[in-house]
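Structure record follows, encoded as structure tokens.
The values are calculated or read from the model by the stated rules, or taken from the named source; none is laboratory data. Everything quoted here is computed from the prediction, not taken from an experiment. Neighbour counts are summed over all protein chains in view; Cβ atoms, including those assigned to glycine, are modelled from backbone coordinates with ideal geometry. Note: accessible area is taken over every heavy atom of the protein model, side chains too, but ligands, DNA and RNA are not part of it. Shrake-Rupley method; radii C 1.70, N 1.55, O 1.52, S 1.80 Å.
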Amino acid sequence: MTVPEAKRQRRENMLDTQEENAHSLDSSSPQPVETVTYANEDSVMTDSSQVEEPETNGHIVPLNSAEITTALESCKILVIGAGGLGCEILKNLALTGFNDIHVIDMDTIDLSNLNRQFLFRSADVGKSKALVAAEFVMNRMPGVKITPYMGRIQDKDEDYYSQFQIVICGLDSIEARRWINAMLVSLVDDESPESLIPMVDGGTEGFKGQARVILPTITSCYECSLDMFNKPNSFPICTIANTPRLPEHCIEWASVLEWPRVFPDKKYDTDNPEHISWLYETALTRAKKFNIDGVSYFLTQGVLVLRLVYGKFLISMALSAACCNEAFKIATSVAPFLNNYMMYTGNDGVYTYTFEHQKKPECPVCGTVAIKIDIDPDMILEDFLDVLKEKPDTQLKKPSLRTATKALYMQAPPPLEKASRPNLVLKMGDLVEDGDEITVTDVALPVSMQLKVKLITK
């Protein structure tokens, strides 16, 4: 069986399973009541012919059936992130009926988390988010088992992720989402349908958010939509240090240069109002020195945080509910799951929009076609690396490059980096030929991507 045939067969199997489960659930639906009594002076009696039959077309089924209970209890689910979104997801999953849950988070609880991460209390400050959240939910929901892990998702291997039937992401990091997305895609074996692990991803920013369902190798993956997310703004250090012209330059100076000088052993916390206030006041002082207007507390938050705190708790509730709703439908097949992207906007009223994000054939993670890239042969390798870091559809951090015959530049280990460093000043036309394929690896992805070279003379 070819790969495309296997993927089509896997999709058909999932849809068939949904229909079969819905049919079996319908057969156990409760019968209409024989009589309906209205307890008032105008009480009337009606027989069953006057009672509207419940809809049993696979979209509305009894949610307390034994089949659903069994499906939920047999589903092992992983939650990545135990912050604002993750706390809500853990609570919702436990109340829904999932009783074998794992959670990963590398962070500890900060005082500033308590206003919206409701599983934590003042006494928990400094403790692991994953451990405290798991303990809190298990104490409130006897019979639910939550296995916590405090650490990075990169600490776990393929065997660990292969044990789950569903993965839900409640992350605030694009890099972490890219990593777990690539990991789940790499796990898919076309000869083993159970190796396909659906990923439900949720995210919030201010009064906005999104929820999506990803079927690795079948639907659009996270990497396919990478160009939808703007790369964070950055400013040249020389401009920040010597010739600031914008209020953002002053804020960057305060955070990038002045904070490390004043607090060399302490990292500022964007959730800490005291830290934001210090950065704002420091940036404001510098702005006055250079006669720059526009530095405000709000702008400081916007530059450093990029995610507004107000309303975040309510948005997390809405988006976590959407994510858990999709996990419930995937686990039980009581209704079709999201296909495949839902956007929520609460800035002006309430607005949601659902659409199918298209899979990219040239996606570096789930695609089968190498990414075509035009290269000026006079461009040096070091500049080409910068291009890969800035491209919206790649957004790499520390890329290593090699062709089929030689290493162009390797970030690690140190001996290889030293040996390939002289190539950084060489022209691309001297390193590759038209039609060559460049293999790119990066810390942001657990898989490699392929670039198809086309040399363009300007």
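Brief remarks follow.
- Where only C-alpha atoms are counted, convex hull volume of the stretch 188-274 per residue in Å³: 191 Å³
- Across every direction, the projection of the convex hull enclosing the Cα atoms of the stretch 237-309 has a mean area of 4.5 nm².
- In Å², nearest 10: area of S296 left accessible to a 1.4 Å probe: 40 Å²
- Computed label-point distance, nm, for sites K266 and A407 using a 7 Å Cα→Cβ extension: 4.1 nm
- Of every Cα-Cα pair in the stretch 55-206, the percent that sits beyond 26 Å: 29 percent
- Spatial separation of Cα centroids for the stretch 356-428 and the stretch 137-161, in angstrom: 35 Å
- At q = 0.13 Å⁻¹, base-10 log of I(q)/I(0) for the stretch 315-458 (Debye sum, equal scatterers on each alpha carbon): -0.72
- Euclidean distance between Cα centres, the stretch 80-107 to the stretch 251-282, Å: 31 Å
- Summed residue charge, Cβ within 14 Å of I380's Cβ, Lys/Arg positive, Asp/Glu negative: -4
- Efficiency of FRET between D348 and L299 - r from beta-carbon atoms, R0 35 angstrom, step 0.05: 0.95
- Applying 0.36 nm per residue to the separation of Q154 and A66 and subtracting their alpha-carbon distance, the gain on full extension is 28.0 nm.
- Over the stretch 371-455, the ratio between the Cα radius of gyration and 2.2 N^0.38 Å evaluates to 0.99.
- Normalised convex hull volume, the stretch 84-152, alpha-carbon set, Å³ per residue: 73 Å³
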